[in-house]
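Working notes, structure below.
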Amino acid sequence: MRTAAAALTALSFVGVAALAGCSGGGSEGGVSQNAPAASRSASPSPSPAPDWNPRPGSVAAVGDSITRGFDACSVLADCPEVSWATGSDDAVRSLAVRLLGPSGAAERSWNHAVSGSRMVQLPEQMALAAKERPELVTVMTGANDACRDSVRLMTPVADFRASFEASMRQLRAGAPKAQVYVSSVPDLKRLWSTGRVNELGKKIWDLGICQSMLADADDLGPAAVARRDAVRERVVAYNGVLREVCAKDRYCRYDGGAVFDFRFTGTQLSKWDWFHPSRDGQARLAEIAYRTITAERPPA
């Protein structure tokens, strides 16, 4: 997502927190999953991956402002200590802390994400991550590719695919056996429907955040509905690319659409921009990642 320094223009969500907000049935923290996996296939679960290590000994993170903890601690600033992937905050219990413990996370995790980045910037980040020789690389990016000033400016699906494939080649050139966890892109339309009930949030969105989805939040006319649907369809297409490219790599595991499917609420959104994940949203993302990585089988 883009930094607010850029006038809060195309911040890549997340809100996610399903922008991530995530649930965690079966996760280490005992959180239960509260949403159906609407975007996952109904095919039988694949066999356990014989080469997959559920307890990697080091973690490198790549991606955008979500992984940098942007707007989670203070307005218009990165806050990597609350990053879902590598942060040290006790309230979040990042993936690195869950896997390595606090001291291990401090010594053997690295955050190469850059606020505002899109998929086209991922190969460079992957090259940096490979130099760390990590046992696991986490990938969360793509929201900024859909969160543009207009639908016309969204990254074409073919370009998105080419950049992700190039990113995997960069990683494999330097870290041929590093495992990769790939998060789905959050459901930006849910971000709109969740945040539009907050008057302050809508005023902040009017400053220029993710206009392809969030412009004129109260407009329910045919053109506005079609615009939002087009953004959601592009995110679904991006997630299809992430799933397909990851499936070709024996050491890659996609989240099965868990982040996209998560039914986050306002609690998981930053109180400063109603767009990025709050501390609670970051914790939900960490739960989803931990559950996916430590599962005996990859998501269906």
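What follows draws every value from the coordinates through simple rules; no lab data is involved. As the structure is a computational prediction, the values presented were derived from the model and not from experiment. Here the Cβ positions follow ideal geometry from the backbone for every residue, glycine too, while neighbour counts run over all protein chains shown.
According to the square roots a ≥ b ≥ c of the eigenvalues of the Cα gyration tensor, what is the shape class of region 55-180, taking rounded for a/c under 1.5, prolate for a/b larger than b/c otherwise, and oblate for the remainder?
The shape class here is oblate.
Tell me, how many Å apart are the Cα centres for region 77-101 and for region 222-300?
18 Å
Which whole-number percent is the relative contact order of region 190-257 (Cα, under 8 Å, 6+ apart)?
Over region 190-257, the number comes to 18 percent.
Note down the magnitude of the dipole of region 110-214 about its Cα centre, charges +1 on Lys and Arg C-beta and -1 on Asp and Glu C-beta and zero elsewhere, to the nearest 20 debye.
120 debye
Quote the FRET efficiency, to the nearest 0.05, computed for Glu124 versus Arg297 with a Förster distance R0 of 35 Å and r equal to the Cβ-Cβ distance.
Result of the calculation: an efficiency of 0.60.
With label points built 7 Å along Cα→Cβ from the Cα atoms of Arg172 and Lys189, find their separation and express it in nm.
Here the answer is 3.4 nm between the modelled labels.
From the Cα gyration tensor of region 130-224, with a ≥ b ≥ c the square roots of its eigenvalues, which class applies: rounded if a/c is under 1.5, or else prolate if a/b is larger than b/c, or else oblate?
It comes out prolate by the Cα gyration axes.
Which FRET efficiency value, to the nearest 0.05, is calculated for Lys203 and Asp229 with the Förster distance at 30 angstrom and r the Cβ-Cβ distance?
With R0 = 30 Å, the Cβ-Cβ based efficiency is 0.75.
Starting from the Cα gyration tensor of region 188-271, take the square roots of the eigenvalues, sort them a ≥ b ≥ c, and report rounded, prolate or oblate (rounded when a/c is under 1.5, otherwise prolate if a/b is larger than b/c, else oblate).
Judged from the Cα gyration tensor, region 188-271 comes out prolate (a/c at least 1.5, a/b above b/c).
Just tell me which lysines come within less than 28 Å, Cα to Cα, of Lys131; anything on the same chain fewer than 8 places away is out.
Lys177, Lys248
How long is the gain from Ser103 to Glu244 if the chain were fully straight, where each residue apart is worth 0.36 nm and the alpha carbon distance is subtracted?
Residue separation times 0.36 nm, minus the Cα-Cα distance, leaves 47.2 nm.
Please give the FRET efficiency for Arg196 paired with Ala158, using the beta carbon to beta carbon distance and R0 = 30 Å, rounded to the nearest 0.05.
0.40
Do me a favour and compute the ellipsoid semi-axes for region 109-181 from its Cα gyration tensor, root of five times each eigenvalue, largest one first, whole Å.
Working through the eigenvalues yields semi-axes of 24, 13, 8 Å.
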